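Presented below is the structure to which this report refers.
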Amino acid sequence: MAILVGALIAVVVGARILTDVWWFDQLGFLSVFTKRLWLQIGLFLAGGTLMAAAVGVTLSLAYRSRPIYAPISTEQAGLDRYRESLEPLRRLVTLALSLGAGLFGATVASAQWETALLWWNRVEWGTTDPQFQLDYGFYVFTLPWIQFVVSFLTAVVVLAGIAALATHYLYGGLRLAGGGPRTTREARIHLALLGAAFLLLRGVGYWLDRYQLMTSESANVSIRSVGVVGPTYTDVNAVLPAKAILAVASILVAMLFIAAAAGASWRLPAAGTTLLVISAVAVGGIYPAAVQRFRVQPSAATVEAPFLERNIEATRAAYDLADTQVNQYIPDTEAQPGQLRNDAGTIPGIRLLDPALLSPTYRQLEQVRPYYAFPDALDVDRYRIDGVVRDTVIAPREVSLRGLNPSQRNWINDHTVYTHGYGMVGAYGNERTPDGRPVFFERGLSTSPELGEYQPRIYFGEQSPAYSIVGAGEGAPPTELDYPNESPEGYARNTYEGEGGVRMGSFFARAAYAINFADQNILLSDRVNPQSRIMYDRHPRERVEKVAPWLTLDGDPYAAVVGDRIVWIIDAYTTTADYPYSATTELGEATQDTRTGNAQSVQALQDRTVNYVRNSVKATVDAYDGKVTLYAWDEEDPMLKAWMKAFPTSVEPLSAISGDLMQHLRYPQDMFKVQRDVLGRYHVTDPQSFYTQQDFWEVPNDPTGGEADAAAEPPYYLTLRMPGQEDESFSLTSTYIPRQTGANQRNVLTGYLAVDADAGGVEGEKREGYGTMRLLQLPRETAVSGPGQVQANIVSSPLVANEIRLLSQGESQVLYGNLLTLPVGGGFLYVEPVYGQSRSGVTYPQLRKVAVVFGDKIGFANTLPEALDQVFGGDSGVATPDLGEPGPEGPEGEPGVPPDAQAQLDTALQDARKAIQDSAAALQAGDFAAYGEAQERLGQAVDRAIAAEDRIAAATGAPAEGADVPAEGAAAPTDAASPAADPEGTATAGS
């Protein structure tokens, strides 16, 4: 049985390793896998051998040096029966204990592969610490490895010592009772040498503890709560000398143990050990506590000032906040006519579509079939449309097996038919139709001129199946469902022609994957042929994590059309917790907000403690072939330099980023969340003010999240011009309120933070201003309402309350969109879209109203221009088109019809007429599947016609009269259980 179990484990592990080799090799990252694997194997063997050998040799030496005749005593008489029962199994027990200890040591050692690799590939940091004048690279790269080696050796000595004590005691070499010597000569030498080794290692540990203070949280309880790291007054003046004294004392006591091994009495090492323990308590504990109590506490703000200054400077550098531009901003709270005239470039671009709410809208209008899906939270991106860069809300249309009926779920459909999504859907961020729907520039199942021709198939995404097998055999018909069309089947089929996935045409490969996925169908199905490829590990984050396990990944990958492909873009970070003097941050806590709590597609960063973070890598994953590319974004980052030494072929240089990709790179949200969390404390740069913690800020809770979902307000991407900036720029923004303590809670604005998020343009070079932090700091005596108070004012306003009451009548409900804050007009302008949604039936949010707040004035209207005029006395000073883009002027200077809108209308009408004819023909022939498909096309054509007329009406000022389409026959989309949506015919006769 043992042989069979071992063979089974070997086969399973071998299949897993082999398939991993194929997977990494297909992506071009095989060197990452092999280097990590061999390093882990080496550490596993080294650690396991050392630990097992130490325990095994100790047990063997202790047994062989046992006295021939055990001392006669009551104690030894009681041990006789244990010796007798153990003797027949002694060799087996020795082997088992050695192997157990070795397995423990091997597991611990192999887990330190990153520490070992960083130490081996260490680089100079270029900055020295103010205490020991050592390069920061020593603390980040070298010290962790040395500490691990010392602690591992200490564990080896301790386990060996325990084994020696137990064996010597059991066989009479060590006695606890009776007269005469307590140990035999052999036992004395053995135990004394182990004790000396332990004390020598402890002495080294004490000495290293001096350096460890540079990266440890302060012991000063008054500042520990804010995560202050590094030695303070007590550490420098009491703890550091104490550690040095204890290190020397440990070495001296170790010498006494060596003397005992040479024949001296046990009294000297026993006395030395006692004195060492007393010294550790007195010098290492009592003395620092006395210094803290009698020297530091009476004058803490003064004596700690130099050390807090070190902490402030290091923290701002570690989180890339050192160059933050801080401006005092005295906001105007009185709304005057024409006040926004100087912000004419910012106001028209205000994003009215909330990406966190629009997923149901996209699903209802653009899902096309139930087996397609959109992420729960959409993304904000920029696209150049008609020569103008526009903020957009965009999402990929992915395949999702959750949308299939149970009758459609089988192995063939799940893994060989529903293999990929199709296309992108995008809408203008600042436009909507009169009935509150988004104005799409990319929709349907065909690419638009705005985005150009691109490969629309999405084989790798956030909702892709666990694995898919693609590729038809030579001469075989296509088997993959591609997209719905007008064919008799109701859909087109496709055969994958790319290089993604792993070839698995051979029997050996099929067997390996059948074992790896525990699925015999891979081995038996005739869908697997010599041309087949298997695609797995398809989530973009999962793919990047596998090829670069040394990176920490942003929680929100986003898809973009880059050139002729859809690619996923993932921001990646290098992090450490060993940066001297820098404050620590819990990544999971700092990046948690209402989006991460409510949206499956947005995750908080993995929960780990760090005190240094850089967005050093931009990663992309091709949605068609799964290719992973890593680009060095911060080439000066020492952490990245070390990892690039370790994996020299893994990361492409910054110059390799194309202009098309550069346009879609942006400042990462998770990085910004960590920075805003740290800056809430470290905007205070005066050490004495920092010590009092009276001017600390925090991010307000999302006012639209509800009481049950109280979490931080997420940062928002906006195009705006900060005070002092010359031009508008794509930015990531957030607000601050005072840190809430006890009953003294005030929801007033204290600061506003924005970072330039536009990475670059078509030229492919990083923009010079990218990453610039701009902080507006409000005077303490001002009382500008924060987001929570503004939301309360909006809801309680009589004007708004009446409108909300009307919107909430019957089956309707009201949803509040993101509350945007903009520093314009010399003050702060709040803009909030308000959506209406039915409580039952076909439900999706539609933008109904826009709320605007400036000072104590509130506007609430159907459009942003109307709401602004309500606030600013009928004239905000900015012309803000709300519906559609203005067309070319007519002969009399009046707005004309946008040519693209007229073309859209004409095409939609033609498609509608064709759909009506097809519906009639299908109904006459009794083909209900074709009838349902034609009706769906009719509904889509009508929607496109309405949207086109809305744009024409907005441009010309004429009311929309509706498209010239017969009203009859517009039916709901085909149900998922209909034959047209069931490619493999798996629906039962009953359904």
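Here, each number is a calculation from the coordinates, and none is a lab measurement. All of these numbers come straight from a predicted model, not from anything done at the bench. Counting neighbours? That spans all protein chains shown, and the Cβs are built from the backbone with ideal geometry, glycine included.
Points worth noting:
- Coupling constants for segment 513-518 follow from the phi torsions by the Karplus curve (6.51 cos²θ - 1.76 cosθ + 1.60, θ = phi - 60°), and in residue order they are 6, 4, 5, 4, 9, 6 Hz; glycine and proline get x.
- Which of W125, W120 has the fewest Cβ neighbours within 10 Å, and the rest in rising order: W120, W125
- Shape call, segment 479-561: gyration tensor on alpha carbons, a/c limit 1.5: oblate
- Label point distance in nm, L654-N793, each placed 7 Å from Cα along Cα→Cβ: 4.2 nm
- Using a Förster distance of 41 Å, the FRET efficiency for D607-E186 (Cβ separation, nearest 0.05): 0.20
- Summed side-chain charge close to G461 - residues other than G461 whose Cβ falls under 9 Å, Lys, Arg +1, Asp, Glu -1: -1
- Annotation: the residues T315, T907, sorted from fewest to most other C-beta atoms within 10 Å of their own C-beta, follow the order T907, T315.
- From most to least packed by mean Cβ count within 10 Å, the peptides 777-787, 395-405, 760-770 give 395-405, 777-787, 760-770.
- Compactness ratio for the chain: Cα radius of gyration over 2.2 N^0.38 Å (N = residue count) comes to 1.15.
- Student exercise, segment 200-356 dipole from Lys, Arg, Asp, Glu Cβ charges, in Debye to nearest 20: 960 debye
- Rg/Rh (Cα only; Kirkwood hydrodynamic radius) as it applies to segment 99-185: 1.26
- Between the amide H of V389 and any residue lying 5 or more places away or on another chain, no distance stays under 5 Å, with hydrogens modeled in the peptide plane.
- Cα pair distances in segment 1-152, grouped into 5 Å bins until the bin that holds the longest one, percent each: 2, 8, 9, 12, 13, 12, 11, 10, 7, 6, 5, 4, 2, 0, 0
- Taking amide hydrogens as placed 1.01 Å from N in the peptide plane, the amide H of L352 sits under 5 Å from those of N430, E431, each at least 5 positions away in sequence or on another chain.
- Close amide H partners of T772, meaning residues 5 or more places away or on another chain with modelled amide H under 5 Å apart, are D756.
- Derived scalar couplings between HN and Hα for segment 365-380 equal 8, 10, 5, 6, 9, x, 7, 9, 8, 10, x, 5, 10, 7, 10, 9 Hz in order, rounded to whole Hz, by the Karplus curve 6.51 cos²θ - 1.76 cosθ + 1.60 (θ = phi - 60°), x for Gly and Pro.
- Over segment 216-318, equivalent-ellipsoid semi-axes from the Cα gyration tensor in Å: 37, 15, 9
- Cα-based convex hull volume of segment 577-726 per residue, rounded to whole Å³: 195 Å³
- Whole-Hz ³J(HN,Hα) from phi, Karplus 6.51 cos²θ - 1.76 cosθ + 1.60, for segment 851-868, glycine and proline x: 9, 10, 10, 9, x, 9, 9, 10, x, 8, 8, 5, 10, 5, x, 5, 5, 5
- Of all DSSP beta bridges confined to the chain, the antiparallel ones make up roughly 95%.
- On the basis of the beta-carbon distance and an R0 of 30 Å, V57 and R83 show a calculated FRET efficiency of 0.90.
- For segment 370-516, the percent of C-alpha pairs falling in each 10 Å distance bin, counted from 0 to the bin holding the largest distance, reads 10, 34, 31, 18, 6, 1, 0.
- Cβ-based exposure ranking for M535, M1, in which fewest neighbours within 10 Å come first: M1, M535
- Gain upon complete extension [W266, S446; 0.36 nm per residue less C-alpha separation]: 56.0 nm
- Using a simple spin-label model with pseudo-atoms 7 Å out from Cα toward Cβ, W120 and S216 lie 3.0 nm apart.
- Taking 23 Å as the limit for the C-alpha separation, the pairs K35/K766; K35/K673; K618/K645; K35/K645; K645/K673; K546/K673 exceed it in the case of K35/K766; K35/K673; K645/K673; K546/K673.
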